[in-house]
Amino acid sequence: MKKIRYGMIGGGEGSLIGPVHRMAARLDALCELVSGAFSSNPEISRLTGTREALNEARIYDSWQEMIIAESALPDEIRPHFITIVTPNHLHYGPAKMALEAGFHVICDKPLCLSVTEALDLQETVDRTGKLFCLTHNYTGYPMVKAARNMVLSGEIGKTRKVIVQYLQGWLSTPLEKSGNRQAEWRSDPARAGIAGAMADIGTHAFNLAEYVTGEEVVSLSAELHRVVAGRMLDDDGTVSLTFGNNISGTLLASQVATGEENNLSIRIYGEDGALIWRQMEPNTLIHLRSDAPVQVIRTGTSFAVTGLPAFMHTRLPAGHPEGFIEAFGNLYRNFAMHIKAVNDGQKPDPAADYPGIKEGVRGMKFLEAVVSSSRNGSTTTGL
């Protein structure tokens, strides 16, 4: 298989997520970075591109320049897709321009800054026919695939309750005032958008809950807090959720949970059993039952129970831990496989899934509903 070529917007020196994307893209040797506008600072962009061994002529000073120049290249060398790894306010513009220039797109979450922008991007995806991946990377873990398969196949009976949380402690102090770039833009409404912690990590928890259960949230009631004095956006929040089929749930998202690292977890309770998955122990899925002992399911085992999706997204024999980069890599692999299938005129394998534009719109509707509910002290419906 010829490598799927891509260009990157953002992710220059000092970026957290840019190098993660590049590592994930390299993991299966399916994708090749060929161009980039890695920073609004031309020096940083060129330094990053040089370290990635790119042709100097394909390292750009701006994302607009990059998209225009790369779209004019011959088909045999132009990128198949563009990856966008910028702060939130620079998702919409580059994504729309890239799609309209004929590129498929991978974009960091949240999709953009508003539902209006999200719906416009959805229309652009539909109109151009291009593929779109939103990097809710936690859906790439094999045991998340297993949990979804077990829920949808009725292994725990009808779902009754969902408890999902994402707890971090890194913003327990006003880190944004110390020169920390990651904290600065996440605390700035002009760059982060209408929400802080809820946009940064709450959207991951929301997406995970809808993905594993296969149900959409239809209403919610939220309470957001700015715990650290002087902070302009929420750093802590609690959301009461109602899913379809009368399933209740709770979502916690906090970046002021002192001492926490990346404590993302989900518990799904059904009539006949329950499932528990924790991101910091990603190779373990716990299956609770009322009529049998607790079952501990491990990555690389029990495929008769966990199903084909878990098998497809497991890379190593049982007992060899697979983590964050591998899960992220699964999204890049699946996206590359879809591009190849489209190029070959074939139907992509539905088991090679990834979050798309629909999930991006869902995330923005969630954020606007949460902010509205918290501000007005009311329940928001019609998500």
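General remarks:
- The set of residues from segment 350-383 being more than 21 Å from His91 (Cβ to Cβ) and either crowded, with 19+ Cβ neighbours inside 10 Å or in contact with a helix residue (DSSP H, G or I) (Cβ under 7 Å, 6 or more places away or on another chain) (or both) comprises Ala351, Ala352, Asp353, Ser373, Ser374, Thr379, Thr380.
- Any hit, segment 206-226, residues being surrounded by 24 or more Cβ atoms within 10 Å (Cβ to Cβ), of a type outside the set (A, V, I, L, M) and touching a Leu at 6+ places or on another chain (Cβ under 7 Å): yes
- Counted residues, segment 317-349 - those being among the basic types (Lys, Arg), over 18 Å from the mean Cα position of the chain (by Cα) and crowded, with 20+ Cβ neighbours inside 10 Å: 0
- Selected residue (only one of Lys130, Lys177, Lys158, Lys109 is within 16 Å of the chain's Cα centre (by Cα) and among the basic types (Lys, Arg)): Lys109
- Looking at Ile276, Ile266, just one residue is surrounded by fewer than 21 Cβ atoms within 10 Å (Cβ to Cβ), at pLDDT 95 or above and closer than 26 Å to Ala197 by Cα, and that residue is Ile276.
- Taking the listed residues Thr250, Thr258, the one that is of a type in the set (Ser, Thr, Tyr) and either assigned to a helix (DSSP H, G or I) or touching a strand residue (DSSP E or B) at 6+ places or on another chain (Cβ under 6 Å) (or both) is Thr250, with no other qualifying.
- Residues being under 24 Å from Tyr211 (Cβ atoms), free of Cβ contacts under 8 Å to residues at least 40 places away in the same chain and not hydroxyl-bearing (Ser, Thr, Tyr) - total across segment 85-119: 4
- Residues satisfying the stated conditions in segment 309-357, i.e. over 30 Å from Arg127 (Cβ atoms), in contact with a Leu (Cβ under 7 Å, 6 or more places away or on another chain) and modelled with pLDDT under 95: Glu322
- Among the criteria (1) within 20 Å of Leu30 (Cβ to Cβ); (2) surrounded by 23 or more Cβ atoms within 10 Å (Cβ to Cβ), the one Leu131 does not fulfil is (2).
The values are calculated or read from the model by the stated rules, or taken from the named source; none is laboratory data. What you see is a predicted model; the values in this text were computed from it and never measured. Using ideal geometry, Cβ is built from the backbone for each residue, glycine included, and neighbour counts are taken over all protein chains shown.
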